[in-house]
Amino acid sequence: EVANWAADLPGHILLGVDGYDNSWNISNESSNGPDIEMLEDLIDKLKLYNNVDETKIRILGTSNGGALALRAAVEINDTAVDVVACIISQTNDDQYRSGDFFYPSDHEQTGDAYANDGYDTAQLNMPQRKILQLNGRNDNTVPYNGGAFVGMNFLSAVDSAFRFAESQGYAGTQALTGTAYGSASFLADYGDVIFLNDNVGHTVSTDMRRLIQKFFENNYD
């Protein structure tokens, strides 16, 4: 993953981490590891290095890693994390329901054996930061229009981005498409939340990379 992004993010120190069994604990994965606690510990360690800007620690994930990034957006309160980027994933109706975001009080109790897949605690003080969500309109793995996948039920990508926008203080209307960004991609600007959708499936498109690169390297511009 580090090598995959090295050319796009030359101004960043890149770290790649692996989850237990090469998966991240969202709901029904083979791992029920304390992944959020691991990220919090890693962030604390990074702050000890004098070549690390502790005001600009970013979390970027793709697919299952994107879902973990969205868990981090909800659960990590450390203001050192100024940007969370989720690629080809979105929130689900256990993490977001009844107008609130939720998280598991016990990281080892997630999945179908538990009510709401273990997401039992409402996040009533949502951390405030920049969030990017980037999705492929033809994605049938993590379904763009929402629906079931691996024992979860996803919101549509459009609704997911808007719910995160609301959590970051956006009070405007929902953009169903957005404005043209690339040849087949569209961007919805919700202030601190940016949503990009492109005409691809479950893959990282050139325009997704372009937005990540510009947003990360140019301080959100």
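The values are calculated or read from the model by the stated rules, or taken from the named source; none is laboratory data. Model, not experiment: these values are computed from the prediction. Don't worry about glycine lacking a Cβ; one is built from the backbone with ideal geometry, like all the others, and counts go over all protein chains shown. Side chains are part of the model used for accessible areas, which takes the heavy atoms of the whole protein and leaves out ligands, DNA and RNA. Shrake-Rupley method; radii C 1.70, N 1.55, O 1.52, S 1.80 Å.
Number of residues in segment 147-180 that are surrounded by 19 or more Cβ atoms within 10 Å (Cβ to Cβ) and in contact with a helix residue (DSSP H, G or I) (Cβ under 9 Å, 6 or more places away or on another chain) equals 6. With respect to being closer than 14 Å to N25 by Cα, of a type outside the set (F, W, Y), open to solvent by less than 50 Å² (accessible area, probe 1.4 Å) and in a strand (DSSP E or B), G61 fits the description. The residue that is nearest to S89 (Cα to Cα), among those in segment 9-52 that are among the acidic types (D, E), surrounded by fewer than 17 Cβ atoms within 10 Å (Cβ to Cβ) and modelled with pLDDT under 95, is D18. Is it the case that T55 is among the β-branched types (V, I, T) and closer than 20 Å to S27 by Cα? It is false that T55 is among the β-branched types (V, I, T) and closer than 20 Å to S27 by Cα.
Tell me, which residue of segment 193-208 that is part of a helix (DSSP H, G or I) and over 12 Å from A180 (Cα atoms) is most open to solvent (accessible area, probe 1.4 Å)? Step through it out loud before you land on a result.
Within segment 193-208, the first condition is being part of a helix (DSSP H, G or I), and the residues that meet it are 206-208.
Restricting the remaining residues to those that are over 12 Å from A180 (Cα atoms) gives 206, 208.
Working: T206: 112, M208: 0 Å².
Taking the candidates together, the pick is T206.
This table checks each residue for (1) within 8 Å of the chain's Cα centre (by Cα); (2) free of Cβ contacts under 8 Å to residues at least 40 places away in the same chain.
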residue	(1), (2)
S31	no, yes
K45	no, yes
V52	no, yes
R58	no, no
N64	no, no
E75	no, no
V84	yes, no
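What are the pairs, 6+ residues apart or on separate chains, where a residue within segment 191-203 that is in contact (Cβ under 8 Å) with a residue 40 or more places away in the chain and within 16 Å of A171 (Cα to Cα) has its Cβ under 8 Å from a residue that is open to solvent by less than 20 Å² (accessible area, probe 1.4 Å) and of a type in the set (G, A, S)? Listed pairs, sorted by first residue: D192/A165; V193/A161; V193/A165; I194/A188; F195/A157; F195/A161; F195/A165; F195/A188. Scanning segment 156-203 for residues that are among the β-branched types (V, I, T) and under 14 Å from the mean Cα position of the chain (by Cα) turns up V158, V193, I194.
Does L176 satisfy being over 20 Å from I59 (Cβ atoms), in contact with a Phe, Trp or Tyr (Cβ under 6 Å, 6 or more places away or on another chain) and either of a type outside the set (F, W, Y) or in contact (Cβ under 8 Å) with a residue 60 or more places away in the chain (or both)?
Details: over 20 Å from I59 (Cβ atoms): yes; in contact with a Phe, Trp or Tyr (Cβ under 6 Å, 6 or more places away or on another chain): no; either of a type outside the set (F, W, Y) or in contact (Cβ under 8 Å) with a residue 60 or more places away in the chain (or both): yes.
It is false that L176 is over 20 Å from I59 (Cβ atoms), in contact with a Phe, Trp or Tyr (Cβ under 6 Å, 6 or more places away or on another chain) and either of a type outside the set (F, W, Y) or in contact (Cβ under 8 Å) with a residue 60 or more places away in the chain (or both).
Looking at Q123, Q133, which one is in contact with a Cys (Cβ under 9 Å, 6 or more places away or on another chain) and not aliphatic (A, V, I, L, M)? Testing whether each residue is in contact with a Cys (Cβ under 9 Å, 6 or more places away or on another chain) and not aliphatic (A, V, I, L, M) leaves just Q133.
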